[in-house]
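Here the structure is laid out as structure tokens; the discussion comes afterwards.
The values are calculated or read from the model by the stated rules, or taken from the named source; none is laboratory data. Worth saying up front: this structure is predicted, and the values here are computed from it rather than measured. Note that each Cβ is placed from the backbone with ideal geometry, even for glycine, and that neighbours are counted across all protein chains shown. The accessibility values were calculated without ligands, DNA or RNA, using every heavy atom of the protein model including side chains. Shrake-Rupley method; radii C 1.70, N 1.55, O 1.52, S 1.80 Å.
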Amino acid sequence: MGPAVPLPVIGVVRTVHIELETTPIQASLNRAERGSIEIADPYREGLEGLEGFDYAWLLTWLHNPDQPASDPPLKQVPFLLRSQQRQMGVFATRGPRRINPIGLSLIQLLKVTGQAILFAGVDLIDGTPVIDLKPYVTRFDQPPGDPRCGWFDQIAITDGSTPAQLADPDHGPPG
């Protein structure tokens, strides 16, 4: 369909999580937990200046899919709608099962060294490949007003929510 897209891995995320079902679903819901990013040697020079930012967008390759042999469905039940078993189009979700499994996390930068980053806001499993980092810039990244957020506006979400908790019928809807 289009040209090949090379995506070099620039580093790897280190967290205590080893499986998707027990990993918090969004960085902003897990601000207290810390993780680190080990930057590969050829890319370490690119960290210069990042220490002057409080937040960064972390782009990752979600390498550990729950069903690796098949293409993801274009309609799926997001983690937050598991209790309702309500489907949404993949582009209206933020889940990991995607056409291109690219993760997007807004992390808080706690410390930037010459080879690693300590951050708060963990929503990834250990060993997740990092494909890019971009500084968060309020002037560019925060839209004006109160933007609509589709079906997310109708869901109560508790901090630390995991896919396993959201699938538990006894747990009930978060909130």
Output the relative contact order of the chain, whole-number percent, from Cα pairs under 8 angstrom with separation of 6+ residues. 38 percent
Whose amide H sits under 5 Å from the amide H of I102, counting only residues 5 or more places off or on another chain, with H placed in the peptide plane? L62
Of all accessible surface on the stretch 97-155 at a 1.4 Å probe, what whole percent is carbon and sulfur? 51 percent
So, for the stretch 33-170, what is the accessible surface per residue at a probe of 1.4 Å, expressed in square angstrom? 61 Å²
Kindly work out what percent of the DSSP beta bridges joining two residues of the chain are antiparallel, to the nearest 5. 100 percent
Between I131 and D153, Cβ-based FRET efficiency (R0 22 Å, step 0.05) works out to 0.15
